[in-house]
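Notes to accompany the following structure.
The values are calculated or read from the model by the stated rules, or taken from the named source; none is laboratory data. Source: prediction; values computed, not measured. FYI the Cβ positions are ideal-geometry reconstructions off the backbone, even for glycines, and counts take in every protein chain you see. SASA here: full protein model, heavy atoms, side chains in, ligands and nucleic acids out. Shrake-Rupley method; radii C 1.70, N 1.55, O 1.52, S 1.80 Å.
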Amino acid sequence: MAKLSVTFLGTSSAAPTKARGLPSIALRREGELILMDCGEGVQRRVLSESIGLGKDTTILITHLHGDHVAGLLGLLQTMSLAQRRRPLTIVAPAKLLKWLEVTSELLNIGLTFPIEFTAVKPGVVLRSSSFRVRAARALHSVEAYSYLVEENPRPGVFYPEKAKSLGVPEGKFWSRLQRGRSVLVKGRKILPSEVTGPTRPGRKVGYSGDTRPSSGLSRLFKGCDLLIFDSTFSASDQLRAVERKHSTCVEAAELAKRAGVRRLVLTHFSARYTSTAGLVREAKKVFPNTVAASDGLTLEVDYPSE
Ligand SMILES: [Zn+2]
Ligand SMILES: [Zn+2]
């Protein structure tokens with residue numbers, strides 16, 4: 001089973017603190033890397049977490065606030081210094097491209113690789129070898145989006161007895177069928193559907209970016225295996241959350257409950273909270289399977305038990 005992991009590279013909102021850098025999250029599966037937001041300082045975190053950038057890389061940007069994008073330029077510059085040739089996929093609000101074009105020209109950053117840019121809009125924004133990425137509008141002070149990263153469906157359960165009864169010899173024929181490919185046995189074509197159960201959904205990871213909770217986001221994140229949600233404020237700072245178009249830890253938990261997710265991770269904490277323990281405590285009263293993100297935290301995303 002391919003490992004799917006999420007590493008938090010920065011978990012602060014607006015400005016960094018001693019313990020927390022600006023927002024960025026790395027999602028890794030085999031050779032594929034998805035970076036979600038690119039706060040200032042992301043490069044050093046990428047190094048300290050040994051996240052290779054030569055990989056098949058996609059960058060998803062939720063919105064154009066400095067704390068979520070200021071790290072992008074440095075990252076592109078370093079990739080060019082390393083003579084990257086592979087195209088880099090970026091999905092972001094349309095204006096990001098303009099910012100990149102102007103600044104890379106002014107700063108003389110000669111990119112050594114092409115950027116494949118997609119202006120985000122609601123719906124499916126990307127299909128890759130491992131994932132499908134869907135976006136929905138978030139409710140923030142500027143145009144903002146939330147993302148759902150869905151792993152491609154995996155083949156159904158393999159039934160060895162069925163394969164044996166059809167005369168399929170064990171070994172490479174079995175593994176072919178398990179990977180969803182057909183085989184030819186004594187002139188008869190055996191389809192994977194004859195020896196396996198129905199395909200099973202892949203794992204789903206949701207990332208809210210900066211947002212108020214909304215019914216649209218509950219729908220987007222329905223049944224997520226791991227939901228990473230804006231938790232800038234505690235419940236006692238609810239008014240601030242409304243004013244600044246963020247969520248409280250309790251609102252994040254309520255949404256996780258409504259959406260029926262498996263696990264909730266709070267992130268994007270205001271500098272006013274030195275410790276995030278209180279926020280987790282509040283959220284757990286509503287949604288027990290909650291943890292707080294911290295810089296450098298890696299979580300494995302597993303399949304639901306069958
Ligand atoms: Zn933010
Ligand atoms: Zn913002």
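Both radii were evaluated on the Cα set of the range 171-306; the Rg over Rh quotient, with Rh as the Kirkwood radius, amounts to 1.22. Couplings for the range 209-226, taken from phi via the Karplus curve 6.51 cos²θ - 1.76 cosθ + 1.60 with θ = phi - 60°, read x, 8, 6, 7, x, 7, 5, x, 6, 4, 5, 4, 8, 3, x, 4, 6, 9 Hz in order; Gly and Pro are left as x. The angle between the Cα long axis of helix 95-106 and the longest principal axis of the Cα atoms of the chain comes to about 70 degrees, rounded to the nearest 10. Using the Stokes-Einstein relation with a Kirkwood hydrodynamic radius computed over Cα pairs, the translational diffusion coefficient of the chain at 25 °C and a viscosity of 0.890 mPa s comes to 119 µm²/s. With both residues required to sit in the chain, DSSP beta bridges show an antiparallel share near 60%. For a modelled paramagnetic label at L64, 7 Å from Cα along Cα-to-Cβ, the residues of the range 136-163 in reach, with backbone nitrogen under 20 Å, are 136-147. Taking Lys and Arg as +1 and Asp and Glu as -1, the other residues whose beta-carbon sits under 9 Å from that of L22 total -2. With the Kirkwood sum run over all distinct C-alpha pairs, the range 63-217 has a hydrodynamic radius of 19.2 Å. On the protein heavy atoms, probe 1.4 angstrom, tell me the percent of accessible surface of the range 1-79 carried by carbon and sulfur. Roughly 53 percent, rounded to a whole number. Of the trypsin sites (Lys or Arg not before Pro) found in the range 157-216, those in coil by DSSP whose Cβ has at most 12 other Cβ atoms within 10 Å are R179, R181, K186. Counted residue by residue at 0.36 nm each, then reduced by the alpha carbon distance between them, the extension gain from S236 to A15 reaches 77.5 nm. Computed on the range 28-99, with alpha-carbon pairs under 8 angstrom and 6+ residues apart, the relative contact order is 37 percent. Note on the chain: GNM, Cα springs under 10 Å; of Y147, Y207, Y159, the largest mean-square fluctuation is that of Y159. Between E116 and L47, residue separation times 0.36 nm minus the direct Cα-Cα distance comes to 22.5 nm. Legend: calculated FRET efficiency, K55 to R272, from the Cβ-Cβ distance at R0 = 41 Å, rounded to 0.05, equals 0.65. The portion of the accessible surface of the range 163-295 made up by carbon and sulfur, rounded to a whole percent, is 53 (1.4 Å probe; DNA, RNA and ligands excluded).
Here is the size of the range 115-165 from its Cα atoms: Rg then Dmax, 18.0, 62 Å. So, for the chain, what is the accessible surface per residue at a probe of 1.4 Å, expressed in square angstrom? Accessible area per residue: 47 Å².
Here the dipole of the range 27-129 is about 200 debye; that uses its Cα centre as origin and unit charges on the Cβ of Lys and Arg (positive) and Asp and Glu (negative). Binning the alpha carbon pair distances of the range 118-202 at 5 angstrom intervals from zero yields the distribution 3, 13, 19, 14, 10, 9, 8, 8, 6, 5, 3, 2, 0, expressed in whole percent. When restricted to Cα atoms, the range 14-151 yields an Rg and a Dmax of 14.3, 39 Å, respectively. Projecting label points 7 angstrom from Cα along Cα→Cβ for D302 and S141 puts them 4.1 nm apart.
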